[in-house]
Amino acid sequence: MSLVDRLLERLLARPVDELVRRALAEREAAGPPGSAEDSLYRYRVHGDRSRLRIHPTAVVNNALFNLSSGTITVGEYAFFGHDVAVLTGTHDIAKFGRERQTAIPRSGRDVVVHEGAWLASDVLVLGPCQIGAHAVVAAGSLVLRDVDPYTIVAGRPAAVVRTIEPGPDGGDARPAGEGPG
């Protein structure tokens, strides 16, 4: 049974608050993935886990979070494709040899992924930056700076492709200039 099937089975059989508590407990569980399937849905952390905040409704799959030089916050209903990397860490290019390897700033490179943002597969985010609410980052993109809310970006480095208008109720969104459906 796939992980998605197991989660759906749990969702249908248990109250949502219990499901969220269990998902948080499982998310915090340390150790290597139990199978190849599990590795598609287990994120990896480099650095101090206390600097990572992932809302219980967010889906981050097998993302890599590097917390060496800042904090990372992932908001409500944000979701990631596979193999997304969010990096706060950096090294001092003015240093050489072993010193370059170890000269790492400990703060100032925070990343915030706001509510409903979608980072497609193989996105690389280099902090400091914010990805605005309901923004979309296309597969394989390199994010080097802030992405405005309701914006679609793509490329290496990521550039604006177009914007998205919120739907009439503020929820559903559609590309700017396009009608419903």
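The values are calculated or read from the model by the stated rules, or taken from the named source; none is laboratory data. No experiment lies behind these values; they were computed from the predicted model shown. Every residue, glycine as well, gets a Cβ built from its backbone with ideal geometry; the counts of neighbours run over all protein chains shown. Note: accessible area is taken over every heavy atom of the protein model, side chains too, but ligands, DNA and RNA are not part of it. Shrake-Rupley method; radii C 1.70, N 1.55, O 1.52, S 1.80 Å.
Tabulated results
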| read-out | value |
| --- | --- |
| Residue list for the range 125-150, filter: touching a Lys or Arg at 6+ places or on another chain (Cβ under 8 Å) and open to solvent by less than 50 Å² (accessible area, probe 1.4 Å) | Gly127, Cys129, Gly140, Ser141, Leu142 |
| Residue in the range 107-123 that is under 19 Å from Arg51 (Cβ atoms) and acidic (Asp, Glu) present | yes |
| Residues of the range 36-54 classified as in contact (Cβ under 8 Å) with a residue 40 or more places away in the chain and either touching a Cys at 6+ places or on another chain (Cβ under 9 Å) or surrounded by 17 or more Cβ atoms within 10 Å (Cβ to Cβ) (or both), total | 1 |
| Residue in the range 89-98 that is open to solvent by 30 Å² or more (accessible area, probe 1.4 Å), free of Cβ contacts under 8 Å to residues at least 12 places away in the same chain and among the basic types (Lys, Arg) present | yes |
| The range 158-167, residues that are under 30 Å from His91 (Cβ atoms) and open to solvent by less than 70 Å² (accessible area, probe 1.4 Å) | Ala158, Ala159 |
| Yes/no for Gly70 being farther than 17 Å from Glu115 by Cβ and modelled with pLDDT of 95 or more | yes |
| Residue ID - farthest from Ala103 (Cα to Cα), chosen from residues in the range 64-79 that are in contact (Cβ under 8 Å) with a residue 40 or more places away in the chain, part of a loop (DSSP other than H, G, I, E, B) and open to solvent by less than 10 Å² (accessible area, probe 1.4 Å) | Ala78 |
| Checking Ala120 against (1) more than 21 Å from Val59 (Cα to Cα); (2) in contact (Cβ under 8 Å) with a residue 24 or more places away in the chain, the condition it does not meet | (1) |
